[in-house]
Amino acid sequence: GIQVEQSPPDLILQEGANSTLRCNFSDSVNNLQWFHQNPWGQLINLFYIPSGTKQNGRLSATTVATERYSLLYISSSQTTDSGVYFCAVGLTGGGNKLTFGTGTQLKVEL
Amino acid sequence: NAGVTQTPKFRVLKTGQSMTLLCAQDMNHEYMYWYRQDPGMGLRLIHYSVGEGTTAKGEVPDGYNVSRLKKQNFLLGLESAAPSQTSVYFCASSSPPRGTDTQYFGPGTRLTVL
């Protein structure tokens, strides 16, 4: 199956700092999603981004499908950004199944 | 809209007991999924469904059964619980083939098997 690697595994930031999270995957995909799991366990979809670049407020994401990686940018980080960020990939059709990475644990401190 | 809801939120079972987890969505989504999340391992797909009356195995289906008798509901059953099934269980839904592939998650069920 598809292998998904995320880096770094852990990250501590001061409030206001910027960060880049990376997701590498082992095979061609046409479905890539980024999720944020908050400290209470809720999973929120951030981006559906199989290719190209998208922005939503302080967050943006870029996927270069031909080189098999995706980046999630967090600018001007806030304590509410803390939690785990997951990248998930797959192929559309056949159930739209996703394979998740093991996540990046982010802690934003005052 | 409530989105995706899960019942119960917490449950403790003894080895060998059975239980059913209920997932409900009010977004008229076609596809539904059950995942489990273990510490340090991300989420793994247990079973999924691409429509009412259809189910299929995911990555880790052993020890679980599912049913989708109604489009809005997806049930996950454990017939004889084992300590290895202690985990947090998440349900999700999405709307292909005509809608978005984005998956929306429920709040999770924390299950402990003693």
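Derivation of every value follows stated rules applied to the coordinates shown; laboratory data play no part. Since this is a predicted model, take the numbers as computed values, not measurements. So basically every Cβ, Gly included, is an ideal-geometry build from the backbone, and we count neighbours across all protein chains shown.
Brief remarks on what is shown
- Single residue of A:Thr66, A:Thr62, A:Thr53, A:Thr102 found to be among the β-branched types (Val, Ile, Thr), more than 10 Å from chain B (Cβ to nearest Cβ), out of contact with any Cys (no Cβ under 9 Å at 6 or more places or on another chain) and outside any strand (DSSP E or B): A:Thr66
- First in the stretch B:14-26 and on the phi < 0 side of the Ramachandran plot, second anywhere and among the β-branched types (Val, Ile, Thr) and in a strand (DSSP E or B), Cβ under 7 Å, 6 or more apart: B:Thr15/B:Val113; B:Leu21/B:Thr109; B:Leu22/B:Thr7; B:Cys23/B:Val4; B:Ala24/B:Thr5; B:Gln25/B:Val4
- All conditions but one from (1) more than 26 Å from A:Ile44 (Cβ to Cβ); (2) at the interface with another protein chain (Cβ under 10 Å from one of its Cβ atoms) apply to B:Gly40; the one that does not is (1).
- Checking each residue of the stretch A:30-50 against the condition of being under 11 Å from the mean Cα position of the chain (by Cα) and more than 14 Å from chain B (Cβ to nearest Cβ) gives no match.
- Where strands (runs of 3 or more DSSP E) fall wholly inside the stretch B:44-114, the ranges with 3 or more residues that are under 26 Å from A:Leu32 (Cβ atoms) and either among the small types (Gly, Ala, Ser) or more than 11 Å from chain A (Cβ to nearest Cβ) (or both) are B:87-94.
- Screening A:Leu43 on (1) aliphatic (A, V, I, L, M); (2) touching a Lys or Arg at 6+ places or on another chain (Cβ under 6 Å); (3) within 14 Å of A:Leu98 (Cβ to Cβ) shows it passes everything except condition (2).
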